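The values are calculated or read from the model by the stated rules, or taken from the named source; none is laboratory data. Everything numeric in this text was worked out from a predicted model, so none of it was measured. We place every Cβ from the backbone using ideal geometry, glycine too, and count neighbours over all the protein chains shown.
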Amino acid sequence: MNIYLIGFMGSGKSTTGRKIAASLRWNFADTDKLIEAEYGMSVPEIFAHRGEKFFRDAETVALRSISSRARMVVACGGGTPCSEENISIMKETGVVVYIRLPVAALVNRLEKSRTSRPLLKNQRGAELTVTVTELLNQRSQWYERADIVADGLAMTIDDLTGQLADYIRSSGAYL
Ligand code: S3P
């Protein structure tokens, strides 16, 4: 059994995932980092030189490889759960947590972030708000298929970890 963290760019999947992994003493993985290591290129470089389709295929390969392991806390890229194949892999091999945040909070975080995100093209302000709103509208149908939806503004790591521990035990798996 693994834990998959999903949600929009800037929702804090990696930070939250590392903390959950530390408190459960599970291993942590980040799909973007695995892909970057595999190809020796940053995510923006992969988008620029190989294109988005190549990156999306690499996400599925990375996910398949992680899903064969156990007790992994996996921070997924914002687009990772947005295909039937990928969401199915996650749901079949673990518990999926959506960290949900409103558009305004996402925009605020993304404007402060130093991570380069090809889909956002360095946008700011009103332009960024439009892009985030549109993309989140398209993606919510995937994100909402999570087993647990965490309120990204109000959640505490302890609460979320407790909720996950209950979920894992109730599904018959071991912590
Ligand atoms: C993407 C999110 C990014 C990264 C890539 C594409 C997306 O990850 O995978 O830039 O499609 O939402 P983060 O969610 O960690 O920023």
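Observations, loosely collected:
- Residue list for the stretch 147-175, filter: of a type in the set (A, V, I, L, M), crowded, with 16+ Cβ neighbours inside 10 Å and either free of Cβ contacts under 8 Å to residues at least 40 places away in the same chain or part of a helix (DSSP H, G or I) (or both): Leu160, Leu164, Ile168
- Test result for Leu106, out of contact with any strand residue (DSSP E or B) (no Cβ under 8 Å at 6 or more places or on another chain), buried (at least 16 other Cβ atoms within 10 Å of the Cβ) and not hydroxyl-bearing (Ser, Thr, Tyr): yes
- The stretch 59-72, subset within 14 Å of the ligand (Cβ to nearest atom) and crowded, with 20+ Cβ neighbours inside 10 Å, residue farthest from the chain's Cα centre (by Cα): Ala62
- All positions within the stretch 82-99 that are of a type outside the set (S, T, N, Q) and part of a helix (DSSP H, G or I): Glu84, Glu85, Ile87, Ile89, Met90, Lys91, Glu92
- The test for being under 25 Å from Glu52 (Cα atoms), within 14 Å of the ligand (Cβ to nearest atom) and of a type in the set (D, E, K, R) does not hold for Arg124.
- A Cβ distance below 6 Å, combined with a sequence gap of six or more or placement on separate chains, defines the contacts here; from the stretch 1-26, residues that are charged (D, E, K, R) reach residues that are part of a helix (DSSP H, G or I) and at pLDDT 95 or above in the pairs Lys19/Ile157.
- Within the stretch 1-20, considering residues that are surrounded by fewer than 22 Cβ atoms within 10 Å (Cβ to Cβ) and either under 14 Å from Leu106 (Cβ atoms) or of a type in the set (Asp, Glu) (or both), the one farthest from the ligand (Cβ to nearest atom): Gly12
- Residues of the stretch 23-81 satisfying the condition of being among the charged types (D, E, K, R) and assigned to a loop (DSSP other than H, G, I, E, B): Arg25, Arg69, Arg71
- The stretch 21-34, residues that are of a type in the set (D, E, K, R) and surrounded by 19 or more Cβ atoms within 10 Å (Cβ to Cβ): Asp30, Asp32
- Residue match in the stretch 50-58 (condition: closer than 30 Å to Ala154 by Cβ and either within 16 Å of the ligand (Cβ to nearest atom) or in contact with a Cys (Cβ under 9 Å, 6 or more places away or on another chain) (or both)): no
- All positions within the stretch 76-109 that are of a type in the set (A, V, I, L, M) and closer than 25 Å to Arg124 by Cα: Ile99, Leu101, Val103, Ala104, Ala105, Leu106, Val107
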